[in-house]
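What follows draws every value from the coordinates through simple rules; no lab data is involved. Predicted, not measured: the structure shown is a model, and the values here were computed from it. Neighbour counts are summed over all protein chains in view; Cβ atoms, including those assigned to glycine, are modelled from backbone coordinates with ideal geometry.
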Ligand SMILES: *Cc1c(COP(=O)(O)O)cnc(C)c1O
């Protein structure tokens with residue numbers, strides 16, 4: 001009898017009790033809107049912003065309605081205008097080019113390497129084409145951030161980091177989101193903090209922070225923020241910055257604060273699970289493990305492996321056979337996007353020249369989430385199943 005995995009790849013952990021209690025208190029108060037406060041109560045959102053800024057070592061933080069909103073808000077805050085080209089990853093999720101399109105700007109896609117990071121040679125080649133890079137640390141893989149920043153500095157490129165999968169990760173000790181002028185995060189259910197929907201934006205730049213706060217829909221209540229610049233900075237931007245409502249509310253902030261307090265431990269738990277799957281897959285014939293650079297301290301909330309140069313029908317056979325044993329793999333190489341597996345040539349509103357080397361990588365990527373509800377034994381079992389099924393198809397059984 002072959003083993004079958006019975007767990008759910010979409011099952012998250014419950015919200016911690018402290019978050020549930022804080023959420024109930026907010027609901028009992030009826031004061032869910034972030035600026036609907038009494039007396040000297042700073043409110044859950046302002047407190048969360050201060051705590052997140054502190055956790056990331058940033059001067060300013062703004063909590064918003066979603067990660068995608070944070071990305072679009074960041075583009076507006078650095079002055080991207082309709083028609084401007086914006087460099088971004090060919091391998092990322094749809095909300096990233098979507099955020100660029102939402103401000104009327106034009107994505108210019110940069111290729112992906114076998115390490116699943118942005119191709120820095122391709123970035124250097126295209127660096128003259130745009131003044132902004134929206135860098136997506138897709139699936140938690142960090143590029144060589146030293147070289148990347150060197151390229152961008154040399155070309156005067158402003159870097160916005162999409163840290164939806166790297167909250168808590170580091171490159172050579174530096175927290176992800178701190179190299180660019182803005183770091184953006186998501187607190188949507190599948191990310192490292194879970195409030196259903198939500199996001200953050202952090203920066204050390206006072207004027208960018210002030211613009212983002214007004215953009216998010218602060219009206220003239222920015223004085224109630226605890227992680228925003230002083231009123232003198234708002235004086236310069238408040239008349240020329242539109243209100244594009246995208247605030248976070250006190251209910252979500254209440255749920256997030258206790259989760260933020262345990263972020264480090266959660267990140268370590270993800271990476272322990274990742275290492276178990278990685279070890280189990282290593283040495284499987286025909287399967288390429290994505291080697292992680294020593295400089296990277298990643299958060300293993302998902303894992304990818306490559307079936308390089310495999311024919312489409314054989315990859316489909318692996319997907320089918322693994323699914324039959326309870327292991328749900330997502331494939332970024334299918335002719336049609338399924339679920340979230342679209343890629344640069346799926347986004348037809350943003351045409352790109354073909355990138356054959358990237359296409360070869362994209363065709364080979366298999367992807368799997370590792371929710372914290374999986375035990376280490378679950379992870380070992382999942383790896384055994386993938387190993388057996390990849391091996392069977394590879395050997396033509
Ligand atoms: C989830 C995600 C986003 C967008 O976040 P939302 O909160 O869902 O809007 C952006 N980039 C990547 C890579 C993501 O995975």
Item to check | Nearest 10 degrees, 0 to 90: helix 17-29 Cα axis against the chain principal axis | outcome: 40 degrees
Checklist outcome for this item: CD proxy, 222 nm, the chain: helix-only mean residue ellipticity via -39,500 (n - 2.57) per DSSP H run with n ≥ 4, per residue, nearest 500, stands at -11500 deg cm²/dmol
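Given the convex hull over the Cα atoms of the stretch 194-268, what projected area results after averaging over all orientations, in nm²? Intermediate values should be presented prior to the final figure.
Numbers: hull surface 22.8 nm².
Over every viewing direction, the Cα hull of the stretch 194-268 projects on average to 5.7 nm².
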Checklist entry - Of 251, 376, how do they rank once you tally other Cβ atoms within 10 Å and put the fewest first? => result 376, 251
Checklist entry - In nanometres, what is the gap between the two model label sites at residue 272 and residue 8, each 7 Å from Cα along Cα-to-Cβ? => result 2.4 nm
Next on the checklist: Pick from 369, 147, 275 the residue whose mean-square fluctuation is largest in a GNM of the chain, springs joining Cα atoms under 10 Å.
Outcome noted: 147
Next on the checklist: What's the ranking of 156-167, 77-88 by average number of surrounding C-beta atoms within 10 Å, highest first?
Outcome noted: 156-167, 77-88
Checklist outcome for this item: Shape call for the chain, from the Cα gyration tensor axes a ≥ b ≥ c (a/c under 1.5 means rounded, otherwise prolate when a/b beats b/c, else oblate), comes out oblate
Next on the checklist: Just to be sure I understand the curve: with the Debye formula and one point per C-alpha of the stretch 314-353, what is log10 I(q)/I(0) at q = 0.17, 0.25, 0.34, 0.35 Å⁻¹?
Outcome noted: -0.53, -0.84, -1.15, -1.17
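Relative contact order for the chain using alpha-carbon pairs under 8 Å, separation at least 6, rounded to a whole percent?
On the way: 797 pairs, mean separation 88.3, N = 397.
Reported relative contact order: 22 percent.
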Checklist entry - Ranked by Cβ crowding within 10 angstrom, fewest neighbours first, how are 340, 374, 52, 394 ordered? => result 340, 394, 374, 52
Item to check | More than 18 Å apart - percent of Cα-Cα pairs taken over the stretch 263-394 | outcome: 56 percent
Checklist entry - Taking every DSSP beta bridge that has both residues in the chain, what percent is antiparallel when rounded to the nearest 5? => result 60 percent
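Can you give the Kirkwood hydrodynamic radius for the stretch 122-193, in Å, rounded to one decimal and based on Cα pairs?
Result for the stretch 122-193, one decimal place: 12.5 Å.
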Next on the checklist: Can you report the principal axis dimensions of the stretch 1-86 using only the alpha carbons, biggest first, rounded to whole angstrom?
Outcome noted: 60, 46, 26
Item to check | residue 239-residue 174 pseudo-label distance in nm [points 7 Å out on the Cα-to-Cβ vector] | outcome: 3.8 nm
Checklist entry - Per 5 Å bin, what percent of the C-alpha pairs of the stretch 15-146 does each bin hold, from zero upward? => result 2, 9, 15, 15, 16, 13, 10, 8, 7, 4, 1, 0
